[in-house]
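Novice: Below is one structure. I have some questions about it.
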Amino acid sequence: MSQLIINSYEEFEQYVGQELGISDYLKITQEQINQFADATLDHQWIHVDTEKAKIESPFHSTIAHGYLNLSILPYLWEQIVQVNNVKMMVNYGIEKLKFNQPVLVDSEVRIRARLESLINLRGIAKAEIKVTLEIKDCKKSALDATVIFLYHFA
């Protein structure tokens, strides 16, 4: 899939209400899960103890932290849209976040993104993007949310 190129607020505005695209798949590995556990001090066995998870987890596998899934959204978003002529982009907020389905280790995930709204706040573009984190070969999404980015156009 080709990346959408946005060069101005006016160009961005044309996409309000439209699906912007779908990212590539990203494989979630045990190494990523372990590193996230180290970074966040969240070493719950369901995430990091592969042997115990095989036996005691209802999923028979370790699963990614919900917040690990959330934290990859900006990376996957940048595969969909390239916003040029920006001094700075800020992660501003997340609304309506719902974790729907666990992501098992070695699953592949991607996002589908839709521009819900774009508001001009005195030269700063407030973009509300509906994202769905899809799991390859799974009907139910891992998460749904509205992420809010602030783009400070040059």
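The values are calculated or read from the model by the stated rules, or taken from the named source; none is laboratory data. Quick caveat, the model's predicted, so the values are computed rather than measured. Backbone-built Cβ (ideal geometry, glycine too); neighbour counts: all protein chains shown. The area values use the complete protein model at the heavy-atom level, side chains included, leaving out ligands, DNA and RNA. Shrake-Rupley method; radii C 1.70, N 1.55, O 1.52, S 1.80 Å.
Novice: Quick check on region 131-154: of everything there that is of a type in the set (Val, Ile, Thr) and in contact with a helix residue (DSSP H, G or I) (Cβ under 7 Å, 6 or more places away or on another chain), which residue is nearest to ASP106 (Cα to Cα)?
Specialist: VAL131
Novice: How many residues, within region 12-35, are touching a Ser or Thr at 6+ places or on another chain (Cβ under 8 Å), among the β-branched types (Val, Ile, Thr) and either closer than 20 Å to VAL131 by Cβ or open to solvent by 60 Å² or more (accessible area, probe 1.4 Å) (or both)?
Specialist: Residues that pass the stated criteria total 2.
Novice: Tally the residues that are hydroxyl-bearing (Ser, Thr, Tyr), crowded, with 18+ Cβ neighbours inside 10 Å and over 12 Å from the mean Cα position of the chain (by Cα), restricting the search to region 115-153.
Specialist: Residues meeting the conditions: 1.
Novice: Continuing with the same structure: Which of the helices (runs of 4 or more DSSP H) found entirely inside region 36-112 contain at least 1 residues meeting this: of a type in the set (Asp, Glu) and open to solvent by 80 Å² or more (accessible area, probe 1.4 Å)?
Specialist: Fully inside region 36-112 and qualifying: 50-56, 73-80.
Novice: Here's another thing I want to ask about it. Give me the residue from region 1-32 that is in a helix (DSSP H, G or I) and touching a residue at least 12 places away in the same chain (Cβ under 8 Å) and, out of that set, nearest to ASP137 (Cα to Cα).
Specialist: Among those that are in a helix (DSSP H, G or I) and touching a residue at least 12 places away in the same chain (Cβ under 8 Å), it is GLN30.
Novice: Now, a different point. If a residue must be within 21 Å of the chain's Cα centre (by Cα) and within 21 Å of SER2 (Cα to Cα), how many such residues does region 45-85 contain?
Specialist: 13
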